[in-house]
Structure formats: C-alpha cells, structure tokens
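Visitor: What follows is a single structure, and I will ask about it in a moment.
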Amino acid sequence: MPINQGLMKRNPDLTPEQFSESWYKDHRPLLVPYFLSCGITYYAQIHAPLSTTSPDIDISEWSGAAEMPSEDVLKIWALSTLVPQWKQDYYDEVIRADEIRLLGMLAHEQILQVGPGTVKGERKILIKDGKAVVEVPEGAWEVWRTYEKRGEGLEKSR
C-alpha cells in the first residue's frame, strides 16, 4: 500500500519551532477524531528538519509533510461530498480554522504531493491500523461529541 506524502509550508507568522509544536500538540487532537470517523487507517506527520531523496525538490521551502495511504486519501476526497452536515461543520469550523492558523491558508491550497518515501524527518504517527496511537485530550473529544450531538438533533428533526 503506497504511502502518499504531502509537503506543507507553515504560516510565516510562526517560527519553524512554533509550527512544529502546534501542528503536533494543537492540531493533532482536532484531526484524529475526524480521521478515525472517516475510516483512515494510517496518518503521520513528518516534522523538520526535513530531507529528501529527490534532487528536484527544494526542501528548504517546506515545513513538514503529512503521510497517508493512497486508499485513505481517496476516502477523504470521496467522503467530502458525502459526510453528514454536522461532520462538515466540524471540519469547516474546527479543522479548517486551525489549518489557516498553522498554514496561513487551507492545506489543499498549498500541499505538494510527492512520492512515497520522498521526505524524511521526525515521523510522528497519529493513526495506525485504524486506531489512534496518540493521546487525544478529553476536551477535544468533548468538542467532537458536541458536533455529533448536533447531528443527532438534525436527524431527529427530520
């Protein structure tokens, strides 16, 4: 199963250290519940310092890389049109807002897809075999459950 890698640039208002720390510490707990609900089987962040096996990529422009199997990338794109409204709201109001804070724009507006194994750095695995392998603080789960309840309320009102 090929593992896609996508390079990302940090918001220039953040230092490289601030970006790396916040991407892992603050963004991780927002993303994990959503990805698990979408059936993502593997997700990792690759933190700087980065290196590459490709002479065609100037790695100095990039701040990190996300790593996910091809099949999981397809799940995310397919589900983006099929998710219930509450889940779309969570993505828009929680994940996207934090992406803009971290990257200065949405990830899909700047990500550079590269081949499997192209980028090396400090790999932090968040999801493996369809399960979270990192702690997600209870406060993040509470936010997730609030959106789930919003969805249940919408279903009952139909």
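Visitor: Please go through (1) part of a helix (DSSP H, G or I); (2) modelled with pLDDT under 95; (3) surrounded by 12 or more Cβ atoms within 10 Å (Cβ to Cβ) for ILE57 and return the number of the only condition it doesn't satisfy.
Guide: Result: ILE57 fails condition (1) only.
Visitor: Taking the range 60-101 as the search range and keeping residues that are in contact with a strand residue (DSSP E or B) (Cβ under 7 Å, 6 or more places away or on another chain) and of a type in the set (D, E, K, R), which one is modelled with the lowest pLDDT? Full working, then the answer.
Guide: Going through the range 60-101, the residues in contact with a strand residue (DSSP E or B) (Cβ under 7 Å, 6 or more places away or on another chain) turn out to be 62-70, 72-73.
So of that shortlist, the ones also of a type in the set (D, E, K, R) come out as 67, 72.
Working: GLU67: 95, ASP72: 85.
The selected residue is ASP72.
Visitor: In the range 106-145, how many are assigned to a loop (DSSP other than H, G, I, E, B), in contact with a Lys or Arg (Cβ under 8 Å, 6 or more places away or on another chain) and touching a residue at least 12 places away in the same chain (Cβ under 8 Å)?
Guide: Result for the range 106-145: 3.
Visitor: Applying the selection to the range 65-105, what residues are surrounded by fewer than 15 Cβ atoms within 10 Å (Cβ to Cβ), part of a helix (DSSP H, G or I) and aliphatic (A, V, I, L, M)?
Guide: LEU74, ALA78, ALA97, ILE100
Visitor: Does the range 33-52 contain any residue that is assigned to a loop (DSSP other than H, G, I, E, B) and among the small types (Gly, Ala, Ser)?
Guide: Pass one, the range 33-52, residues assigned to a loop (DSSP other than H, G, I, E, B): 38-41.
Among the residues that remain, those that are also among the small types (Gly, Ala, Ser) are: 39.
Among the residues of the range 33-52, at least one is assigned to a loop (DSSP other than H, G, I, E, B) and among the small types (Gly, Ala, Ser), which makes the answer yes.
Visitor: Still on this structure, please answer the following. Could you tell me whether SER20 is under 23 Å from ASP92 (Cα atoms) and either crowded, with 21+ Cβ neighbours inside 10 Å or touching a strand residue (DSSP E or B) at 6+ places or on another chain (Cβ under 6 Å) (or both)?
Guide: Yes, satisfied.
The values are calculated or read from the model by the stated rules, or taken from the named source; none is laboratory data. All figures in this text were calculated on a predicted structure; none of them were measured in a lab. Ideal geometry is used to build each Cβ from the backbone, glycine not excepted, and the neighbour counts take in all protein chains shown.
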